[in-house]
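Read the structure below first, then the notes.
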Amino acid sequence: GYGHRRFQRWVGMAEGRWKPVIWMRRKRLRDDAPTEAEAEALVGESFDFAFDNEAFSDRVLRVEVVGSEEENGADGKGIDSSCTVMDTPVLRVNTIHVSSAILAAKSPFFLKLFSNGMKESDQRHATLTIADSEEKAFMALLHLMYTGKLTPTTESTLLVDMLMAADKFEVVSCMKLCSQGLIDLPMTLESAVRCLDLPCTIPLAAAIKEAAKTFFAETYKEFLSTKFQDELMRVPLAGIRAILSRNHLGIVSEGAVYEFMLRWACSQYSNSEERHKILSSRLLPLVPRVLGSMRSPPFHCAGRRFYLTARCMATEQLQIFGLSVNMLEDKGAVRGTVGYKIGVKTRPSLQFVTKHISSTTTDSKQPVGCRVPWSEFIADDSPYFIDDELHLQVHVKITPQPE
């Protein structure tokens with residue numbers, strides 16, 4: 001159309017040289033989308049002077065902004081090139097003068113909008129509906145399509161929004177720019193959380209997720225510190241796994257690690273079955289790397305002190321969960337035989353089932369107990385966890401030595 005020829009002539013005058021690539025894009029508006037290589041060829045070209053400039057534009061893009069929960073469009077893109085979506089409250093409308101050649105050259109989405117989406121060949125207005133949560137990122141994306149480069153002040157959270165907008169509107173060249181920018185920029189908690197959920201179709205998605213996991217591991221080395229507890233409760237599973245698996249933790253109370261995992265799981269998953277599944281299959285397998293053992297407060301029998309130990313142990317062939325009763329070295333008044341019985345409450349009976357029976361003398365320093373294969377202990381159908389808790393019972397009986 002005349003608008004594209006006029007645009008080419010003005011670009012030549014403004015830049016001092018002709019831009020035949022624009023003419024190629026004008027012809028493609030009637031055929032197919034530009035190849036990825038052709039789209040990337042325009043990344044280095046700056047048309048900043050033409051952005052929202054009526055003199056260098058042939059279309060008017062009407063951007064209707066609706067509430068985030070009311071975004072319309074079956075494919076999530078909310079296209080309506082002729083009228084406003086019925087029964088959808090519009091918060092505001094942004095009107096932008098655009099060049100169909102520039103936008104269509106970089107995005108198959110805009111190619112479709114400006115060709116098939118226009119009812120008449122001379123129709124100049126196109127309407128796009130977006131959520132208010134997308135507005136800032138979408139406007140930044142449009143500007144990026146014209147300039148081909150990110151501004152130095154772009155924040156990581158905005159880059160994530162722009163990356164998702166570029167993915168949504170099929171702007172591959174801008175997706176790559178935003179992806180690289182995310183890797184180069186320092187992350188924040190908000191941006192790192194969102195990066196963990198990026199779809200694998202995003203360019204450099206694996207590298208971005210790795211950078212996000214590194215952020216969590218390095219930022220929350222002291223994750224048991226009280227100053228981090230509130231914000232860590234908002235971190236998704238992948239972030240918690242990164243924190244637990246990538247740090248060699250010097251922890252005064254190892255039991256605090258399990259307490260932290262349980263508190264986090266309760267804040268994230270209200271359903272007890274789902275919570276148990278996450279704990280058993282995604283978090284507890286990290287325990288042999290993080291948690292050596294947990295010890296109960298001491299209890300007494302016939303003047304002697306005992307404590308129960310729950311321990312995660314790993315060998316080259318097998319991981320096991322062990323329970324043992326230890327007798328402290330201090331001497332009691334009674335000497336004789338010590339009988340031990342360890343029980344675990346199980347589902348569905350909710351009764352204690354004896355897992356170990358043994359006996360030693362009061363002079364023995366060796367702990368007594370039982371072992372359960374780790375895979376059996378944490379299995380989805382494991383009978384040992386009731387509402388995400390393990391209930392243990394220990395009976396100790398000291399029989400005095402005959403005089």
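The values are calculated or read from the model by the stated rules, or taken from the named source; none is laboratory data. Quick caveat: nothing in here was measured; it's all calculated off a predicted structure. Using ideal geometry, Cβ is built from the backbone for each residue, glycine included, and neighbour counts are taken over all protein chains shown. The accessibility values were calculated without ligands, DNA or RNA, using every heavy atom of the protein model including side chains. Shrake-Rupley method; radii C 1.70, N 1.55, O 1.52, S 1.80 Å.
Checked against (1) of a type in the set (Gly, Ala, Ser); (2) outside any strand (DSSP E or B); (3) modelled with pLDDT under 85, Ala310 passes all but a single condition, namely (2). Pick from segment 313-331 the residues that are modelled with pLDDT of 80 or more and farther than 27 Å from Ser245 by Cα: which of them is farthest from the chain's Cα centre (by Cα)? Only one residue tops the list, namely Met327. Quick check: anything in segment 141-156 without any contact (Cβ under 8 Å) to a residue 60 or more places away in the chain and either within 18 Å of the chain's Cα centre (by Cα) or not assigned by the TED database to the domain that holds His97 (or both)? Scanning segment 141-156, I find at least one residue that is without any contact (Cβ under 8 Å) to a residue 60 or more places away in the chain and either within 18 Å of the chain's Cα centre (by Cα) or not assigned by the TED database to the domain that holds His97 (or both), so the answer is yes. If we scan segment 339-346, do we find a residue that is under 18 Å from Tyr307 (Cβ atoms), touching a strand residue (DSSP E or B) at 6+ places or on another chain (Cβ under 6 Å) and open to solvent by 30 Å² or more (accessible area, probe 1.4 Å)? The answer is yes, given that some residue of segment 339-346 is under 18 Å from Tyr307 (Cβ atoms), touching a strand residue (DSSP E or B) at 6+ places or on another chain (Cβ under 6 Å) and open to solvent by 30 Å² or more (accessible area, probe 1.4 Å). Residues that are at pLDDT 90 or above and acidic (Asp, Glu) number at least 1 in the following helices (runs of 4 or more DSSP H) confined to segment 81-148: 135-147.
Taking the conditions exactly as written (surrounded by fewer than 18 Cβ atoms within 10 Å (Cβ to Cβ) and within 24 Å of the chain's Cα centre (by Cα)), does Glu134 satisfy them or not? No, not satisfied.
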